[in-house]
Amino acid sequence: GLPASPALAAAAPPAPIWVPAGCRGAQGRFAYKLLHDLFANYSSALRPVDDTDRALNVTLQVTLSQIIDMDERNQVLTSYLWVRQAWLDAHLTWDKDAYDGIDSIRIPSSYVWRPDIILYNNADDRFGGSMETNVVLRSDGHIMWDSPAITKSSCKVDVSYFPFDGQQCRLTFGSWTYNGNQIDLHNRLDAGDLTDFVENVEWEVLGMPATRNVVTYGCCSEPYPDVTYTLLLRRRASFYIFNLLLPCIMVSFLAPLGFYLPADSGEKVSLGVTVLLALTVFQLLVAESMPPSESVPLIGKYYIATMTMITASTALTIFIMNVHHCGPGARPVPPWARRLILHHMARLCCVYEVGESCKSPRRAQGRRAGRGDAGVLGESPREGEVGAEAGACPQDRCLCHHDGLLRNVGYIAGCFRRHRAAQRWTGEWKKVAKVMDRFFMWVFFLMVFLMSVLVLGKAA
């Protein structure tokens with residue numbers, strides 16, 4: 001007789017080695033006869049039920065094999081699934097004793113009626129369905145159809161906590177034309193099968209619970225049952241931490257160091273602008289991969305806050321450099337600024353001139369004040385003595401050129417006094433700028449540290 005196909009031979013029970021080959025051939029002939037008898041008057045176009053008023057029970061089970069891609073910008077999840085559907089075909093039953101004990105056969109799925117179960121939230125432009133695989137048909141009419149499928153499903157992506165975010169992607173399966181009175185769809189298990197899942201490098205699967213829903217749509221009055229699998233995902237953030245977050249934190253700590261640069265170096269503003277451009281590049285990298293939604297990702301908020309801080313530090317640097325480069329025509333430091341900045345803030349930030357010490361600031365300030373008073377105000381007594389001598393000199397004894405000499409000496413002393421006063425004012429303004437630099441450096445260091453801690457704490 002004709003040899004049995006591999007599929008039909010695999011379906012038959014294994015024969016002992018001592019059974020003659022003729023018996024195995026006879027079982028193959030029974031399989032061909034069974035196939036001919038079953039489909040002699042069978043139509044795969046009609047729902048296989050004895051009573052058309054009764055619903056056909058269909059069970060669904062989904063096994064997640066692999067997450068191929070998660071496109072956050074287009075909000076599409078591409079996954080590889082194994083879909084198992086089982087139902088009872090009342091027209092495909094036989095007595096296995098009449099066919100040499102054949103209990104099940106495997107035939108192409110196109111031979112039998114199949115429920116039109118599709119993915120409701122399909123996002124594939126080609127609508128590629130399941131693969132045309134065989135079905136397992138048992139003698140009592142139960143049919144089990146396993147088919148692999150690569151699905152593209154729409155998934156609402158929330159990137160508010162990127163890169164420490166988690167996503168919930170739903171896969172909703174249901175019949176497209178049969179309502180609940182014709183096909184009653186049930187989930188076989190309470191969750192998707194993850195035993196054969198291949199680990200993804202970017203996403204960690206936390207679970208895949210399944211729920212059965214009965215929905216009445218606006219187009220029809222009949223209920224439509226569906227089975228929804230919710231894929232719980234959590235992003236593996238190590239890649240983004242080392243490539244986006246840590247470089248931003250390190251670049252952010254460079255911004256306060258711009259206040260530590262000497263004002264005469266001419267690089268203070270350049271450093272701030274360079275750091276701002278670097279953060280702009282990182283911000284563009286994040287914006288390219290994120291969907292254009294109203295929810296700004298956590299790392300994007302951190303970038304914006306850091307860029308705002310660096311912009312403010314650059315503006316303050318320009319203001320402080322203007323204070324530092326006050327020329328001889330500058331006004332004296334106001335008393336409130338001298339008291340607040342040169343005394344309290346300078347002691348708080350440990351800013352002192354050459355020869356002063358952080359450990360004994362008062363003593364050093366006393367010595368400096370004594371030297372300054374002697375150097376600056378020491379000219380006044382001599383001028384006063386000269387004026388006193390000039391005033392004490394009898395007018396009738398002085399020569400005529402003494403008045404011109406005294407005026408010249410007084411003019412030179414006044415110029416020297418004004419020059420020393422201008423130098424003193426310029427030095428005070430430079431010290432004001434230095435104190436403000438140190439003060440804002442520590443303030444911005446604290447701000448960068450607090451922002452980094454807030455971002456990591458909010459992510460946790």
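Using alpha-carbon positions, what is the distance between the centroids of the range 32-106 and the range 141-220, in Å?
Comparing the Cα centres of the range 32-106 and the range 141-220, I get a distance of 18 Å.
Which chymotrypsin sites (Phe, Trp or Tyr not before Pro) in the range 147-239 pass both tests, a DSSP loop state and at most 14 other beta-carbon atoms within 10 Å?
TRP176, TYR217
Counting only protein chains, not ligands or nucleic acids, how are THR172, THR306 ordered by accessible area (probe 1.4 Å), most first?
Descending order: THR172, THR306.
What does the charge count near LYS96 come to, summing +1 for each Lys or Arg and -1 for each Asp or Glu among other residues with Cβ under 12 Å from its Cβ?
Taking every Cβ under 12 Å from that of LYS96, the sum is -4.
Of CYS155, TYR99, ALA191, which is farthest towards the positive pole of the range 85-206's charge dipole, taken about the Cα centre with +1 and -1 on the beta-carbons of Lys, Arg and Asp, Glu respectively?
The Cα lying farthest towards the positive end belongs to CYS155.
If packing is taken as the mean number of other Cβ atoms within 10 Å per residue, what is the order of 189-196, 298-305, highest first?
298-305, 189-196
If the reach is capped at under 17 angstrom between alpha carbons, list the lysines near LYS458, excluding any in the same chain fewer than eight residues apart.
LYS301
Top to bottom by accessible area (1.4 Å), largest first, where do LYS430, LYS458, LYS156 land?
Correct descending sequence by accessible area is LYS156, LYS458, LYS430.
Report the calculated FRET efficiency for GLU132 and GLU222 (r = Cβ-Cβ distance, R0 = 41 Å), to the nearest 0.05.
It comes out at approximately 0.90.
When we measure straight from the Cα of LYS430, which lysines land under 19 angstrom away, once same-chain ones fewer than 8 places off are left out?
LYS268
Keeping all protein chains in the complex and leaving out DNA, RNA and ligands, what accessible area do you get for HIS402 with a 1.4 Å probe, in Å² to the nearest 10?
Looks like 60 Å² after rounding.
In debye, nearest 20: dipole of the range 152-273 around its Cα centre with unit charges on the Cβ of K, R (+) and D, E (-)?
Using only the charged Cβ atoms, the result is roughly 140 debye.
What does the charge count around THR195 come to, taking other residues whose C-beta lies under 15 Å from its C-beta (Lys +1, Arg +1, Asp -1, Glu -1)?
Taking every other residue near THR195 into account, the sum is -3.
Enter the accessible area of ILE412 (Å², nearest 10), with the probe set to 1.4 Å and all protein chains included.
110 Å²
Rounded to the nearest 20 Debye, what is the dipole magnitude of the range 28-235 about its Cα centre when Lys and Arg each give +1 and Asp and Glu each give -1 at the C-beta?
Computed charge dipole of the range 28-235: roughly 160 debye.
So, taking all protein chains as they sit and a 1.4 Å probe, how much accessible area belongs to TYR240, in Å² rounded to tens?
Rounded to the nearest 10, that gives 40 Å².
Mind checking which lysines have their C-alpha under 22 Å from LYS33, skipping anything on the same chain fewer than 8 residues away?
Filter leaves LYS96.
The values are calculated or read from the model by the stated rules, or taken from the named source; none is laboratory data. Everything quoted here is computed from the prediction, not taken from an experiment. Heads up, the Cβs are rebuilt from the backbone with ideal geometry, glycines too, and the neighbour counts pull from every protein chain shown. To get the accessible areas, we keep the full protein, side chains included, count just its heavy atoms, and leave off ligands, DNA and RNA. Shrake-Rupley method; radii C 1.70, N 1.55, O 1.52, S 1.80 Å.
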